[in-house]
Structures are given as structure tokens and as C-alpha cells.
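To start, the structure under review is shown below, and the notes come after it.
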Amino acid sequence: MAKATLTISSKNYSSWSLRGWLLCKMAKLDFIEQRLDADDPSSRAELLLLSPSFLVPCLTDDEVKVWDTLAIAEYLHELKPKAGLLPKDRAERAHCRAISGEMHSGFANLRAALPMNLKAKHLGFKVWAGAQADIDRIVAIWKQCLDDYGGPFLFGATPTLADAMYAPVCTRFETYDVKLDEQCTAYKQLILDLPAMREWHAEAQLEPAEMEELDVEF
């Protein structure tokens, strides 16, 4: 049986590619990567936030093709139920889906003001008010989950869909020196220290500066 294929764009800039890739890693799916060229129109639209509907990441598994991140997560949950991408408890699954959906469709100010860039580091970055409201909401989500389910991940002892959805936010908080309380700092570092996250980060450092539009001097 042929391996599944995950089509992604930039590892340095693409938060959605990271989410899809991390979900495949968490599910222990045997897959190969296919990278879109930076000049591909759909890739540029995604990275520059110019398209409301992205076609990457895209998972192709046998005759199944899935290109929305939440749809990829649901597909992987059905394919690999023991991976624990969704909690076992029905109420917790609903909560996990709700905060994942909020990340999927919201936080536009955060995305615009703090674009993902793993090569950059902006100490003392000034966050404007609109983006700060998004940060405050994310912190509230994290703290509620960590308090309700005991950590260290958002829904307990093992990572789920929600952790994959918020993983790029952890990189943004690191890149832009966003100040967090002790609990949220520990969670952010836990995610950044995951072996899969370290692998992604290392490979992102090897990418050429493909998109000058995103290499903005703040």
C-alpha cells in the first residue's frame, strides 16, 4: 500500500501546514511530504492571508483527498482512533472541537500582526490593542483547559487536536516575545519542545528566504 502524501508549503511561514503536519505526526501516520513551490498561487495566497479557503495542507491517502485542517484531523481520528487526537469523553471532545474551531476561524488580528516566522526574533515587540485582545482570549482558553483537565497538555496527559491547532501560536509568542504567566509559559515551552516541533523548527531554518513580503522589519 502506498504511503499517504501530505502537501504543505513553507515550514518557516505556514501555520496551517504545521498544524496538518503535526496532526499526521501525532497520529503516527506513515506519510511523505510534498512541498509546494513558493511561487505557487495557492501557496502565496495562504502565506499572505489573501485567501479565505486554503488548499494546503492537503492529505492524500489512497483515494481519499482531504485539504481542510479540521477535516484532516477528523479523518485521522477515524483512521487512527487510538492516537487520541480527540478526547475519549464526549463533553471533552465537544470542548476540544469548540476551541479548535475557534482557532480555525478566528484570531484574525493576531494572524495579521504576528505572522508566523520561525527564523525571526523580535524582543520587546509592541503588540497593538486588537492583537492583544486575541492573545488574552487564547490565554483564557489555555488556562481554562489546563485547570479543568490537569495538564500538561490542553486536555490532559497526551496531546490532542487542540494542541496541534494552537502549536503555531506558541511559535508566534516565542518569535514576538509575548509575555505570559508561569502556567502558560510552561505550556508554550512544552509544545515547542515536542520532538516533532523541534524537527519542524530545524527544517524551517534551512529554508531560503522565499517570500520577501513576509520578512518585514518590525
Which numbered condition Ser17 fails, given (1) modelled with pLDDT under 85; (2) in a helix (DSSP H, G or I); (3) polar (S, T, N, Q): (1)
Looking at segment 97-118 only, could you name the residues that are charged (D, E, K, R) and either at pLDDT 95 or above or crowded, with 19+ Cβ neighbours inside 10 Å (or both)? Arg97, Glu102
Would you mind stating whether Ser53 is under 17 Å from Leu70 (Cα atoms), hydroxyl-bearing (Ser, Thr, Tyr) and at pLDDT below 90? yes
From the option list Ala204, Ala157, Ala164, single residue qualifying as of a type outside the set (Asp, Glu), under 24 Å from Glu74 (Cα atoms) and in contact (Cβ under 8 Å) with a residue 60 or more places away in the chain is Ala164
Could you please find all residues in segment 138-161 being exposed (fewer than 14 other Cβ atoms within 10 Å of the Cβ) and outside any loop (DSSP other than H, G, I, E, B)? Ala140, Gln144, Asp147, Asp148
Out of (1) under 20 Å from Ile141 (Cα atoms); (2) among the hydroxyl-bearing types (Ser, Thr, Tyr); (3) at pLDDT 95 or above, the one Tyr75 does not meet is (1)
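Okay, residues lined up against (1) modelled with pLDDT under 95; (2) surrounded by 13 or more Cβ atoms within 10 Å (Cβ to Cβ); (3) more than 18 Å from Met26 (Cβ to Cβ):
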position	(1), (2), (3)
Tyr176	no, yes, yes
Asp181	no, no, yes
Cys184	no, yes, yes
Leu190	no, yes, no
Leu194	no, yes, no
Glu203	no, yes, no
Glu210	yes, yes, yes
Glu213	yes, no, yes
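The values are calculated or read from the model by the stated rules, or taken from the named source; none is laboratory data. This is a predicted model, so every value here is computed, not measured. Note that each Cβ is placed from the backbone with ideal geometry, even for glycine, and that neighbours are counted across all protein chains shown.
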